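Everything on this sheet refers to the single structure shown next.
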Amino acid sequence: MYRNTLGWSAGLVFAVVALLVAGPAGQAALAAGEDDGAGKLRIGWASADLTPEKPVVLTGFSRARVSEGVLDPITATALAVESVDGDDATGTVVMVSCDLISIADELRDRVRAKVKQALPEIDPSAVVLNATHTHCGPETRTKPDLAEKLAQFDLEVSLAWSNWGIDLGATPPLDYVELASDRIAEAVAQAWKSRKPGGVSFGLAHAVVGHNRLTAYTDGTSRMYGGVGQPNFSHVEGYEDHSVNLLYTWNADRELTGVVVNVAVPSQASGGSKVTADFWHDTRNELRRRLGEGLFVLPQCSAAGDQSPVVMVARKAEDRMQQLTGRSRREQIAVRIADAVTSILSAMEKSVDWNPAFAHRMDLVPLSRRRLSEADIKTPRATHHRPELETVEQAFDRLREEYRTLRRKIEEQPELKAKRGWFNEITAVYWRMKRASRVLDRFELQKTQPTMPVEVHVIRLGDMAIATNRFELYIDFGTQMKARSKAVQTFVVQLAGKGSYLPTERSVAGGGYGAIPESTEVGPDGGRELVEQTLELLDSLWVEK
């Protein structure tokens, strides 16, 4: 499948659908000024509140959590841009950033279907969603294949709860998908209808907000969030990316209307059982305090599968500085990002492009699945979350029966559900069983389907480019894309889809959490293929018409 939207007559349709904290129905706002003084871009912003009104299942940990209130709103943030030539539109793209852990296929497809119905003039494939990777956002996924598999063992699991194995007494994931997709689609429509003439500028700044989270030891192994205070600590496993890629939008009066902020760090500084957008909530507030309450902020997570906000080295010094400054880790990150945005603002005001070359392409690129060997299935091994020394087959069998026992106990003693956290043990067992099952399924699938299609979007906007992928992509691969791209500046955007780690060979050798078979669908070979095919798509945007 291949989709192409080109607008080389110095225009852009770049619709970024920002669903900010605007209330259940969404709230549109305008990102353009007067109808004169600008070129052939038409820009509009909108926002909507994705915060659930009722308890939901929070996802991101190795067991389920049911939300116990809201710490701060979760948002989808956006920008709608169109390129025109006279009265004719020459290109369109809609980018939607959501405070969620990933973009499940179910959510993406529902949003696109609703946009198609509401806005027939927009190609649904031009709607590009990405997630910030908060670990305190609602679950949106189901696992119908696992439910079907368990039925063969006389274990009936409803589709609604197939990702966690039991009714958790909260809003079912697909019900939340309907709520969120309604609000996102409405915000897309509002942003699209709000567009007016505008311009863009892009720039590069830096902020230390993410750190490589893989600790390497003298025996050649590595561990996610492993200790660094012991004698066998050798080094931090990989590169750290502190770049802040920035795209500013301006109305026809040269007033700043919004900014796209692309940083190599997922929003997972928070934990607990309250809904939260994590540090992006603090960042939006800090930027609006400095630049105006009407500012739109669209977050993007660059390649950061091996990077997080957690400080691995000099943590005591970092903790001391938080005490001295009176800022939390989230607030520290917000200030650093806001400093980056404002540090180059004066230069950005002087370099607005009202007529940038525009091109957008979407392709389903085939990537090699991570090839699993017989040894991966038959050799006993322990993992980060499963300390037992056993084969994957043994793990699936053991965990399946543990799950059966725990479920029977809950069914026979329903009063257990009155206890806070009654689901902790059963969902933790189900989560580990699900991972073992996934490895076994992939071992069989690779025999008939050695590759898998992955949606990739590339966008050119003047001399800068944006390239998306659905993975938690290790930094090395994103660095290769940025280093070899023909663009002056390239924004790599991960989690523009349902996620899963894509590790380097170095990390696979070390055996860290994100590099084991249970955590991956695509391995280092597929990562190199992703780099090459993304670069080919990017290169095509610079071919003269």
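The values are calculated or read from the model by the stated rules, or taken from the named source; none is laboratory data. On a predicted model such as this, the values are computed, not experimentally measured, just so you know. Cβ: placed from backbone, ideal geometry, glycine included. Neighbour counts: every protein chain shown. Keep in mind that these areas ignore ligands, DNA and RNA; they rest on the heavy atoms of the full protein, side chains included. Shrake-Rupley method; radii C 1.70, N 1.55, O 1.52, S 1.80 Å.
May I ask you to work out the translational diffusion coefficient for the range 143-256 at 20 °C, viscosity 1.002 mPa s, via Stokes-Einstein with Rh from the Kirkwood sum over Cα pairs, reported in whole µm²/s? It diffuses with D of about 105 µm²/s by this estimate.
Just subtract the alpha-carbon distance of Trp542 and Arg404 from 0.36 nm times their residue separation and send over the number in nm, one decimal.
So the chain would gain 44.0 nm between Trp542 and Arg404.
For the range 148-195 and the range 210-247, what is the separation of their Cα centres, given in Å? Taking the Cα centre of the range 210-247 as reference, the centre of the range 148-195 is 35 Å away. Relative to the longest principal axis of the Cα atoms of the chain, the long axis of helix 173-193 makes an angle of roughly 10 degrees.
Report note on the peptides 507-514, 255-262: ranked by the mean count of other C-beta atoms within 10 Å, highest first, their order is 255-262, 507-514. Pairs of lysines 8 or more apart, or on different chains, with alpha carbons under 29 Å: count those in the range 360-477, would you? Total qualifying Lys-Lys pairs in the range 360-477 comes to 8. A Cβ-based charge dipole, computed about the Cα centre of the range 159-205 with Lys and Arg at +1 and Asp and Glu at -1, lands at about 480 debye. Against the compact-protein benchmark of 2.2 N^0.38 Å, the Cα-based radius of gyration of the range 340-484 scales to 1.65. Computed with a 1.4 Å probe over protein heavy atoms only, the accessible surface of the chain comes to 38 Å² per residue. Partner lysines whose Cα lies under 16 Å from the Cα of Lys274, excluding those fewer than 8 positions away in the same chain, are identified as Lys54. Give me the log10 of I(q) over I(0) for the range 465-516 at q = 0.19, 0.22, 0.29, 0.31 Å⁻¹, as the Debye formula computes it from C-alpha points; what are the numbers? Values, matching the q order: -0.66, -0.80, -1.06, -1.12. Relative to the longest principal axis of the Cα atoms of the chain, the long axis of helix 315-325 makes an angle of roughly 50 degrees.
Highest mean packing first, where packing is the average number of other Cβ atoms within 10 Å per residue, the peptides 530-542, 46-58 line up as 46-58, 530-542.
Compared with the dominant Cα axis of the chain, that is its longest principal axis, helix 392-412 is turned about 90°.
If you wrap a convex hull around the Cα atoms of the range 229-341, how much volume per residue is inside, in Å³? Please list the in-between numbers first.
Working: hull volume 14.7 nm³, N = 113.
Dividing the Cα hull volume of the range 229-341 by its residue count gives 130 Å³.
Of the peptides 456-462, 85-91, 233-239, how do they stack up when ordered by the mean number of other Cβ atoms within 10 Å, highest first? Mind dumping the intermediate values first?
Numbers: 456-462: 24.6, 85-91: 14.3, 233-239: 17.6.
My ranking of the peptides, most packed first, is 456-462, 233-239, 85-91.
Take every Cα pair under 8 Å whose residues are at least 6 apart in sequence, average their separation, divide by the length of the chain, and the relative contact order is 18 percent. Given a 1.4 angstrom probe, I'd like the percentage of the accessible area of the chain that is carbon and sulfur, rounded to a whole number. The computed percentage sits at 49. Diagonalising the gyration tensor over the Cα atoms of the chain and scaling each eigenvalue by 5 before taking the square root yields semi-axes of 38, 25, 24 Å, largest first.
The candidates Arg386, Arg289, Arg63, arranged from most to least accessible area with a 1.4 Å probe in the full protein assembly, appear as Arg289, Arg63, Arg386. Counting only protein chain heavy atoms and rolling a 1.4 Å probe, the accessible areas of Arg327, Arg484 rank, largest first, as Arg484, Arg327. Here the range 340-416 has an Rg and Dmax of 27.0, 70 Å, counting Cα atoms alone.
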